[in-house]
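Participant: Dumping the structure here so I can ask a few things about it.
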Amino acid sequence: MAGKLVDTIAGRWKQRMTDLRALLTVWQKVADLRRVLEPLINAGDDRTITAPGSSTFRDAYTAMRCAELLGGTEVCLGDDPPDAWVKLAGEIRALEITEVQRPGRKRGDEFKRDAALWESDPSRCLPIDPADFLSATVFLGAIAEGSQKKTAIPYASETTLVIYANIRTWSDAWPAIEEGLGKAVSNAKARYREIWVLWNCHVYRY
């Protein structure tokens, strides 16, 4: 039964992603995009963000959050490259978006595990592994590795690299992370107009 549930949820999510990409081929005001994404964020099956094919949602969410936090006005998805466009301070900024996760994380395995748990009890809270919470050193190492990977492709020089740090940490690691972020992304600085790190409800700009 778990396999059937996985297929059903993944199929429904895939259709939502198809609809979302079609919508975002044109500019959307940030507030309007928030209203579109909010049901997906809050849906009872929001765990399907871990399902294959969720890159459209992650790109849209990342671009929207950057726009919200930096005072942008509109967002649309790009043709890869870029992943998205944002209107910010009278300019149109091209965004190359990359997600950095906990090293060794396997999103597909999580999805299958969580679907099986949900089938047995739909109201059940999903387990959180303490190992998911990284130290500042491991966090910054993952960010440095993620930014280094984005130096291999010659994106246009006006492109902004956006690193979505989808990583859990304990709050006592935050000061060291904030202090070390600039150095962690310095390996990609020469390739991009600017580097943004979306993490902990902030956009850090370098």
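Participant: Looking at the structure I just gave you, is Ile153 in contact with a Gly (Cβ under 9 Å, 6 or more places away or on another chain) and more than 21 Å from Ala67 (Cβ to Cβ)?
Facilitator: Judged against the criteria, Ile153 is not a match.
Participant: Go through the range 132-163 and count every residue that is under 18 Å from Arg102 (Cβ atoms) and either at pLDDT 95 or above or in a helix (DSSP H, G or I) (or both). Even if it seems obvious, please write down each step before you answer.
Facilitator: Taking the range 132-163 first, the residues under 18 Å from Arg102 (Cβ atoms) are 132-149, 163.
Remaining after also requiring either at pLDDT 95 or above or in a helix (DSSP H, G or I) (or both): 132, 135-149, 163.
Selection size over the range 132-163: 17.
Participant: Tell me which of these Tyr204 doesn't satisfy, since it passes every other one: (1) in a helix (DSSP H, G or I); (2) without any contact (Cβ under 8 Å) to a residue 40 or more places away in the chain.
Facilitator: (1)
Participant: Mind counting the residues in the range 145-163 that are closer than 21 Å to Ala131 by Cβ and open to solvent by 40 Å² or more (accessible area, probe 1.4 Å)? Talk me through it step by step, then tell me what you get.
Facilitator: Applying the first criterion (closer than 21 Å to Ala131 by Cβ) to the range 145-163 yields 145-146.
Checking the rest, the ones that are also open to solvent by 40 Å² or more (accessible area, probe 1.4 Å) come to 145.
Of the residues in that region, 1 qualify.
Participant: So, of the residues in the range 10-37 that are polar (S, T, N, Q) and in contact (Cβ under 8 Å) with a residue 40 or more places away in the chain, which turns out to be farthest from Ala67 (Cα to Cα)?
Facilitator: Only one residue fits best here, namely Thr25.
Participant: Okay, moving on. Look through Lys183, Lys189 and report the one residue that is surrounded by 14 or more Cβ atoms within 10 Å (Cβ to Cβ), among the basic types (Lys, Arg), assigned to a helix (DSSP H, G or I) and out of contact with any Asp or Glu (no Cβ under 8 Å at 6 or more places or on another chain).
Facilitator: Numbers: Lys183 fails: surrounded by 14 or more Cβ atoms within 10 Å (Cβ to Cβ).
When all the criteria are applied, what remains is Lys189.
Participant: Take the conditions touching a Leu at 6+ places or on another chain (Cβ under 9 Å), surrounded by fewer than 21 Cβ atoms within 10 Å (Cβ to Cβ) and without any contact (Cβ under 8 Å) to a residue 40 or more places away in the chain and apply them to Trp170. Does it pass? Spell out how you get there, then give the answer.
Facilitator: Details: touching a Leu at 6+ places or on another chain (Cβ under 9 Å): yes; surrounded by fewer than 21 Cβ atoms within 10 Å (Cβ to Cβ): yes; without any contact (Cβ under 8 Å) to a residue 40 or more places away in the chain: yes.
Judged against the criteria, Trp170 is a match.
The values are calculated or read from the model by the stated rules, or taken from the named source; none is laboratory data. If you're wondering where the values come from, they're calculated on a predicted model, not measured in any experiment. Note that we place each Cβ from the backbone using ideal geometry, even for glycine, and neighbour counts take in every protein chain shown. Heads up: the accessible areas ignore ligands, DNA and RNA and are worked out on the full protein's heavy atoms, side chains in. Shrake-Rupley method; radii C 1.70, N 1.55, O 1.52, S 1.80 Å.
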